[in-house]
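Engineer: Pasting a structure here, questions to come.
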There are 2 protein chains.
Amino acid sequence: MNRNLPVTDRIADGVPTGSPEEAAALIDDDATLVLSGFGRAGYPKAVPLALAASDRDLSLTVISGGSVGGEVDTALVEADAIERRFPYQATPTARTAVNDGHIAFHDRHISRLGDEVAFGHYGTPNVALVEAVAVGPDWLIPTTSVGHTPTYVHSASRLIVEVNDAQPLELQLLHDVYSRATPPNREPIPLNAPGDRIGSPRISFEPEKLEMVVRTDRPDKSYTFREPTETDEKIAANLAAFLADEVERNPLFASSVNLQFGVGSLGNALMGAFNDVDFGDRTVAYYGEVIQDGLLDMIDDDKLVSASAASLALSREGQERLFADIERYAERVIVRNADVSNNPALIDRFGVIGVNSALEVDLYGHVNSTHIAGTHVANGIGGSGDFTRNSGIGVIALGSTAKDGAIPRIVPMVPHVDHTEHDFSIIVTEQGVADLRGLAPRERADVMVSQCAHPSFQDDLRDYLERADKGGGHIPHDLTTVFDWYLD
Amino acid sequence: MNRNLPVTDRIADGVPTGSPEEAAALIDDDATLVLSGFGRAGYPKAVPLALAASDRDLSLTVISGGSVGGEVDTALVEADAIERRFPYQATPTARTAVNDGHIAFHDRHISRLGDEVAFGHYGTPNVALVEAVAVGPDWLIPTTSVGHTPTYVHSASRLIVEVNDAQPLELQLLHDVYSRATPPNREPIPLNAPGDRIGSPRISFEPEKLEMVVRTDRPDKSYTFREPTETDEKIAANLAAFLADEVERNPLFASSVNLQFGVGSLGNALMGAFNDVDFGDRTVAYYGEVIQDGLLDMIDDDKLVSASAASLALSREGQERLFADIERYAERVIVRNADVSNNPALIDRFGVIGVNSALEVDLYGHVNSTHIAGTHVANGIGGSGDFTRNSGIGVIALGSTAKDGAIPRIVPMVPHVDHTEHDFSIIVTEQGVADLRGLAPRERADVMVSQCAHPSFQDDLRDYLERADKGGGHIPHDLTTVFDWYLD
C-alpha cells in the first residue's frame, strides 16, 4: 500500500459495520434508494445482492447516477424487487421488465438529474447506498465513479456504504468532488480548464446519516467492447477529416480542442482513432461523461493533456492498465460529479466537440437515441443531450444501416425524438458527413440522402421526399406513409 | 430632452451619414445581412424599405436576432429579395414564402444563435444593419432590443446604422450590453442576480466598420395582444395554484421566485394574472426573453423587484406607458444580450420557473412548438427551448383544444418535436395540471388524458392507448394509426 496517500485506512475507527444482510435489513420494503454508480462503475454490489436473495416482498424505487451492473439491474429485477427505476438501465433483464411495463422507468438528462433528485421530483430518497474505497465518520471516498453520488448522499436521509477492497485506494488521487449550492445562490462552477481540479477526493456527510458500513471484495462488472468494425473505422475517418478542416476554419478551435465521445463500442473506437489525428500545436483535452479505454492510449502517447469525466467506464483490461499505473494516470485523469462533467455552461465555455451515437436520424436532423421503433427502450438518453445541445460542435455519429444492412438508420421521420433539429448540425456515417449548418429542411434532406444514407436506401428515401413534397410546407412529410418503414 | 443622460446627441460629429437609398446601395445583391431586432422591437426599418423599393435583383440572406417587423418580413419578402432567413419569422407573408419552400429558413435556439453566427455557421456576415438611439465613431446605443445585436455588430465586416428619432434617447438607461469571449477563454457570466447590471449601454465597434448612418423616425410595429380569453384565465388559475404549492414545497424557492413567460397573448395574459399570486415574502423577479405589458403592471404594483430580458415586446400602449415614465422603469427593467437573457447557466443558477406555450403536446410529454401538422412552420422555436430545458421548473401551458374546440392539442404523438419528454415535466391546460415528475410513460399518458385533455377527446385518446398497448414497449404506440388525428 502506498503510504503517501492522504487516506490509507479503508474504514476509520468507530464507524458502524455489519454484513450485507444486516445492511439490507435496514432498508424498508418500499424504500427509495439512491445508488452510487455511473458508466457501469462504482456501484454497490453486496447489499443489492443481499436484498435480491432475501425472501422479502420488495417494491423499491431505485435511482442510480447512470449505468450500473447486474447486481442491481439483473439480480434485483429477477427478484421482482424494483417497482421504479431512474434514469438509465443497461441489462437485458431490466430492459425487458421496462418494456413489458413491469418496472416504471423514465430517463432524464444526466446534467439535470441531480437537481431533480435534490428538489424532490422523485420524492424523498430514504437511503443512499454507496460504494467507497474508504469511509470515515463524516466522509467517504468514491470508487470508479463520482457521478451523482455527492448529490445523492446529501439528499438521502440515511446512508449505507460498501467499502470494496477490489477497488484500489489510489482511486482517491483521481477524484474531484465539487458541490453546487441551491439556486438562486448557485455560483458559476469555478472550473477554468477541462483538466483543473476545484474540489476534494471526499464526499462529506452528516455523521448521523451513516447507518452501516459493509466490506466487500468484488470488482465492477466492467465494459466489454467489440473490436472496431470496418464501419466504425470509416465513421472515424469521415469524422477525423471533417474535424481536421473544422479546427482550421473555426475560431473556436484557434488554440485548443476539447473532445467528448459517447459511451459504447463506437465511442471507444472513435476515441482510439483520434490518436492518429493531427491537431497541430493545439492543446487537446477530453471533457466528457465517461473515460473509456481509447483515451488511455491518447494519454500514453501524450496526445491528451487531460481527461475529465464522471466515471471510469473501462474494460477489465483497461481497468487493470489504469490501476497498475494509477499515480501516473492521476496526473491527467479527473473523475468528477456528473453535474460538473455534463454541465451545460462548462460544455459551452470549453467549446467542446461532442460526438454521440444514436439509433437513427431522420432526413431533417431529428435523432432517436433511445426507443427502438419509437416504443421499446434500449438504454437511456444518458448525457447525449447535454453534449449534443451545448457543444460548440455537436456531432451524431452512426452507421447508415443496422442488422447487416437490412435496416436503414437514416429514415424519413424518427418515431421518437431525443435531440431535435435545433440542437446540433453535423451527422456522420460511414458514407460521409452531412454538414447541415445554414441549411433549410429541404436542403437538409437532400444532403442527408446523398451524404449519409446507405446507397441501397437512397432511392426509397428520394421517393418518400417526392411524395412528401406534394403536401408542401417547411418540413415536407407524408403522414400517411411516414412510418411505413417500421411496418411490415 | 433630459440633459442628465450620459448621451444626449443622436449622431456624433464626423460620422458618415446618408439617405436610406444611399445606404441600401452599399449592400451587395447577395449579401448576408445581420439585423438588430428581437421581439419585434428595435429592428432596422428605412434601409430594408429602400432595398425593397429598389428594382434590384436581390438574393439576400437575412439573419435577425428574433422577430422583426413587416419592413423586413413583409416588404422584402414581397420584393422577392430574401433567399435565406434565420432564425425566426412572424409575418404571414414570410410564413407563406417559407412554407412554399421559396425562402430557405431554419430556426435555432436563441441562446446558441449568436455563437453560431460568430463561428461562421452561416458564412461571414457582410453587413450589420442596426437600429440605434445614438451613434458615435466607434459605438452605438441600441433601441428597444439588445438581442444579438452586439454579436452581430462584432461578427459583420461592415456596419450601417439607422438612428431612429421615434425611439427615445432614454432607452440607454435600460441597456446592459455584455460580451462574452470565445471559448475556451470564455468566463462565467458574472451576473449574480436577475436584476443586476454587468455591462454598458453601448455596443462598441471598430470605427472602420461604420459605412453610413441613416436617420429615421418610424416607430416599431408593436405587438397587439388579444384580451385574455376564458381559457387563458383558467390556464392562469391552474398554473397559479400549482406554483403556490410548489414554491412552498420546493427548496429551490425558499427565498425567491424568478419567472419567465413566453412571448404572445397567452404569455402576456399569464404575466398579468401573476400580479394576484401571493408569493409570501419571497423576492419575485422576471428573468426572461422579452418584456411584455403584463410585467409593467407587476412593476407598478411593486410585485416585481426587476424584469430582465433581451427586448421590450410591448403593445403600442405599453410602449407609450414605458416611454412616458422611463426613468422610473429603468430602476427595474434591464434589456440584455440574448445570449445572456437566454443563457442556460443563468437560467439554471437563478432556478427560473419557465412557462412557455406550444402548438400541441403528446401523451408522453413531447412538445410541438413550431410546425402545424408537422409540416407547416408557424413562427419558430425562439427561446422556448432554452427556458423549458434549463429552468428549475419547466412548464408548457396551452389550451387543450384549437379552432373553437374542433382540434385537440393533446395528441397521441406530435408530428414535430421541439421539446422532448426528457426536458421538462409540467403541462398546464384549462382542464388542469399534469405533473409528470417521476412518472413512467404509461403513467404519464394516463395523467395527460385525465388532467389535461379536453373531455370531448378523452375517449378517443383512451381508445388509442388501448390500441397502442397491444404492441407493448416502454412508450406504447400504434404507428399505423398514430397520425390518423391529422388525416381526413
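The values are calculated or read from the model by the stated rules, or taken from the named source; none is laboratory data. Keep in mind the model is a prediction, meaning the values are calculated, not measured. So basically every Cβ, Gly included, is an ideal-geometry build from the backbone, and we count neighbours across all protein chains shown. Quick note on the areas: whole protein, heavy atoms, side chains included, nothing else; ligands and nucleic acids left out. Shrake-Rupley method; radii C 1.70, N 1.55, O 1.52, S 1.80 Å.
Engineer: Can you tell me which of B:Asp30, B:Asp55 is more than 27 Å from B:Ile110 (Cα to Cα) and either acidic (Asp, Glu) or touching a Cys at 6+ places or on another chain (Cβ under 8 Å) (or both)?
Structural biologist: Answer to the check: B:Asp55.
Yes/no matrix, rows are residues, columns are (1) surrounded by fewer than 20 Cβ atoms within 10 Å (Cβ to Cβ); (2) touching a Pro at 6+ places or on another chain (Cβ under 8 Å); (3) closer than 27 Å to B:Gly380 by Cα; (4) polar (S, T, N, Q):
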site: B:Pro6; (1), (2), (3), (4): yes, yes, no, no
site: B:Glu22; (1), (2), (3), (4): yes, no, no, no
site: B:Asp28; (1), (2), (3), (4): yes, no, no, no
site: B:Val34; (1), (2), (3), (4): no, yes, yes, no
site: B:Ala46; (1), (2), (3), (4): no, yes, yes, no
site: B:Ala52; (1), (2), (3), (4): no, no, yes, no
site: B:Ser64; (1), (2), (3), (4): no, yes, yes, yes
site: B:Gly70; (1), (2), (3), (4): no, no, yes, no
site: B:Phe86; (1), (2), (3), (4): no, no, yes, no
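Engineer: Taking into account only those residues within region A:188-246 that are among the aromatic types (Phe, Trp, Tyr) and either more than 27 Å from A:Asp339 (Cα to Cα) or under 24 Å from the mean Cα position of the chain (by Cα) (or both), which is modelled with the lowest pLDDT? Write out each step before concluding.
Structural biologist: Filtering region A:188-246 for residues among the aromatic types (Phe, Trp, Tyr) gives A:205, A:223, A:225, A:242.
After this cut, where a residue has to be either more than 27 Å from A:Asp339 (Cα to Cα) or under 24 Å from the mean Cα position of the chain (by Cα) (or both) as well, the list is A:223, A:225, A:242.
Working: A:Tyr223: 82, A:Phe225: 85, A:Phe242: 95.
Per the criteria, the residue is A:Tyr223.
Engineer: If you don't mind, there's one more thing I want to ask. Restricting to region B:172-202, give me the number of residues that are in contact with a Ser or Thr (Cβ under 6 Å, 6 or more places away or on another chain) and away from every other protein chain (no Cβ under 12 Å). First the steps, then the outcome.
Structural biologist: Pass one, region B:172-202, residues in contact with a Ser or Thr (Cβ under 6 Å, 6 or more places away or on another chain): B:177, B:184, B:194-195.
Imposing the further condition that a residue be away from every other protein chain (no Cβ under 12 Å) reduces the set to B:177.
Number of matching residues: 1.
Engineer: Sticking with this one: Looking at region A:136-162, which of its residues are over 14 Å from A:Pro44 (Cα atoms) and surrounded by 24 or more Cβ atoms within 10 Å (Cβ to Cβ)?
Structural biologist: Passing the criteria: A:Pro150, A:Thr151, A:Ala156.
Engineer: Taking region A:113-130 as the search range and keeping residues that are modelled with pLDDT of 95 or more and out of contact with any helix residue (DSSP H, G or I) (no Cβ under 8 Å at 6 or more places or on another chain), which one is least open to solvent (accessible area, probe 1.4 Å)?
Structural biologist: Out of the qualifying residues, it is A:Val127.
Engineer: Here's a follow-up. What is the number of the single condition among (1) surrounded by fewer than 21 Cβ atoms within 10 Å (Cβ to Cβ); (2) closer than 20 Å to A:Ala193 by Cα; (3) under 16 Å from the mean Cα position of the chain (by Cα) that A:Ser265 does not meet?
Structural biologist: Here A:Ser265 meets the rest and fails (2).
Engineer: Please state which of the following conditions A:Glu211 fails to meet, knowing it meets all the rest: (1) touching a helix residue (DSSP H, G or I) at 6+ places or on another chain (Cβ under 7 Å); (2) open to solvent by 10 Å² or more (accessible area, probe 1.4 Å); (3) of a type in the set (D, E, K, R); (4) over 30 Å from B:Gly351 (Cα atoms).
Structural biologist: The number of the failed condition is (1).
Engineer: Only one of (1) outside any helix (DSSP H, G or I); (2) within 10 Å of chain A (Cβ to nearest Cβ); (3) open to solvent by 10 Å² or more (accessible area, probe 1.4 Å) fails for B:Glu331. Which number is that?
Structural biologist: Result: B:Glu331 fails condition (2) only.
Engineer: Which one of these is touching a Pro at 6+ places or on another chain (Cβ under 9 Å), under 23 Å from A:Pro184 (Cα atoms) and in contact (Cβ under 8 Å) with a residue 12 or more places away in the chain: B:Val333, B:Val352, B:Val290, B:Val277?
Structural biologist: On the way: B:Val333 fails: touching a Pro at 6+ places or on another chain (Cβ under 9 Å); B:Val290 fails: touching a Pro at 6+ places or on another chain (Cβ under 9 Å); B:Val277 fails: touching a Pro at 6+ places or on another chain (Cβ under 9 Å).
Every option except B:Val352 fails the conditions.
Engineer: Suppose we filter region A:67-90 for residues that are within 26 Å of A:Leu314 (Cβ to Cβ) and assigned to a strand (DSSP E or B); how many remain? Break it down stepwise before answering.
Structural biologist: Let us first name the residues in region A:67-90 that are within 26 Å of A:Leu314 (Cβ to Cβ), namely A:67-77, A:85-90.
Then keep just the ones that are assigned to a strand (DSSP E or B); that gives A:85-86.
The total comes to 2.
Engineer: Same structure, new question: Report, by residue number, each residue of region B:342-380 that is under 15 Å from the mean Cα position of the chain (by Cα), among the aliphatic types (A, V, I, L, M) and either part of a strand (DSSP E or B) or outside the structural domain of B:Met413 (by TED's automatic domain parsing) (or both).
Structural biologist: Scanning region B:342-380 gives a single hit, B:Val355.
Engineer: Evaluate the following for B:Asp300: is it open to solvent by 20 Å² or more (accessible area, probe 1.4 Å), assigned by TED's automatic domain parsing to the domain that holds B:Asn250 and not polar (S, T, N, Q)?
Structural biologist: Details: open to solvent by 20 Å² or more (accessible area, probe 1.4 Å): yes; assigned by TED's automatic domain parsing to the domain that holds B:Asn250: yes; not polar (S, T, N, Q): yes.
So B:Asp300 passes the test.
Engineer: Next up: In this structure, does A:Val361 turn out to be within 14 Å of chain B (Cβ to nearest Cβ), touching a strand residue (DSSP E or B) at 6+ places or on another chain (Cβ under 6 Å) and closer than 22 Å to B:Asp478 by Cα?
Structural biologist: yes
Engineer: In addition: Residue check: is B:Ile235 β-branched (Val, Ile, Thr) and either more than 29 Å from B:Ile353 (Cβ to Cβ) or buried (at least 23 other Cβ atoms within 10 Å of the Cβ) (or both)?
Structural biologist: Here the answer is yes, as B:Ile235 does meet what is asked.
Engineer: Only one of (1) crowded, with 19+ Cβ neighbours inside 10 Å; (2) more than 14 Å from chain A (Cβ to nearest Cβ) is not met by B:Ser256, so which one is it?
Structural biologist: B:Ser256 satisfies all of (1) crowded, with 19+ Cβ neighbours inside 10 Å; (2) more than 14 Å from chain A (Cβ to nearest Cβ) except (2).
Engineer: Select, from A:Glu360, A:Glu317, A:Glu289, the only residue that is open to solvent by 10 Å² or more (accessible area, probe 1.4 Å) and touching a Leu at 6+ places or on another chain (Cβ under 8 Å).
Structural biologist: A:Glu360
Engineer: OK, next. Checking the conditions here, which among B:Ile189, B:Ile198, B:Ile203, B:Ile235 is of a type in the set (Val, Ile, Thr), assigned by TED's automatic domain parsing to the domain that holds B:Val355 and within 24 Å of B:Ala313 (Cβ to Cβ)?
Structural biologist: B:Ile235
Engineer: So for region B:142-163 (the condition being at pLDDT below 95, in contact with a Leu (Cβ under 7 Å, 6 or more places away or on another chain) and among the hydroxyl-bearing types (Ser, Thr, Tyr)), does at least one residue qualify?
Structural biologist: no
Engineer: Separate question: Just checking, how many residues over region B:419-460 are hydrophobic (A, V, I, L, M, F, W, C) and under 22 Å from A:Asn99 (Cβ atoms)?
Structural biologist: 7
Engineer: Cβ-Cβ below 7 Å, separation at least six or inter-chain, first residue in region B:464-488 and outside the structural domain of B:Glu443 (by TED's automatic domain parsing), second exposed (fewer than 15 other Cβ atoms within 10 Å of the Cβ) and not in a loop (DSSP other than H, G, I, E, B): which pairs?
Structural biologist: Qualifying pairs under 7 Å: none.
Engineer: Scan region A:251-307 residue by residue and report those that are assigned to a loop (DSSP other than H, G, I, E, B) and closer than 13 Å to A:Val352 by Cβ.
Structural biologist: Of everything in region A:251-307, those that are assigned to a loop (DSSP other than H, G, I, E, B) and closer than 13 Å to A:Val352 by Cβ turn out to be A:Gly262, A:Gly288, A:Glu289.
Quick grid of which residues meet (1) touching a strand residue (DSSP E or B) at 6+ places or on another chain (Cβ under 7 Å); (2) on the phi > 0 side of the Ramachandran plot; (3) in contact (Cβ under 8 Å) with a residue 40 or more places away in the chain:
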residue: B:Leu5; (1), (2), (3): no, no, yes
residue: B:Asp13; (1), (2), (3): no, no, no
residue: B:Phe38; (1), (2), (3): yes, no, yes
residue: B:Leu49; (1), (2), (3): no, no, no
residue: B:Ser59; (1), (2), (3): yes, no, no
residue: B:Val72; (1), (2), (3): yes, no, no
residue: B:Asp80; (1), (2), (3): no, yes, no
residue: B:Glu83; (1), (2), (3): yes, no, yes
residue: B:Val98; (1), (2), (3): yes, no, yes
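Engineer: Moving on to the next point. Name, by its number, the condition in (1) in a helix (DSSP H, G or I); (2) farther than 30 Å from A:Val340 by Cα that does not hold for B:Asp339.
Structural biologist: Here B:Asp339 meets the rest and fails (2).
Engineer: Any chance region B:324-332 includes a residue that's modelled with pLDDT of 95 or more and under 15 Å from the mean Cα position of the chain (by Cα)?
Structural biologist: No, region B:324-332 contains no residue that is modelled with pLDDT of 95 or more and under 15 Å from the mean Cα position of the chain (by Cα).
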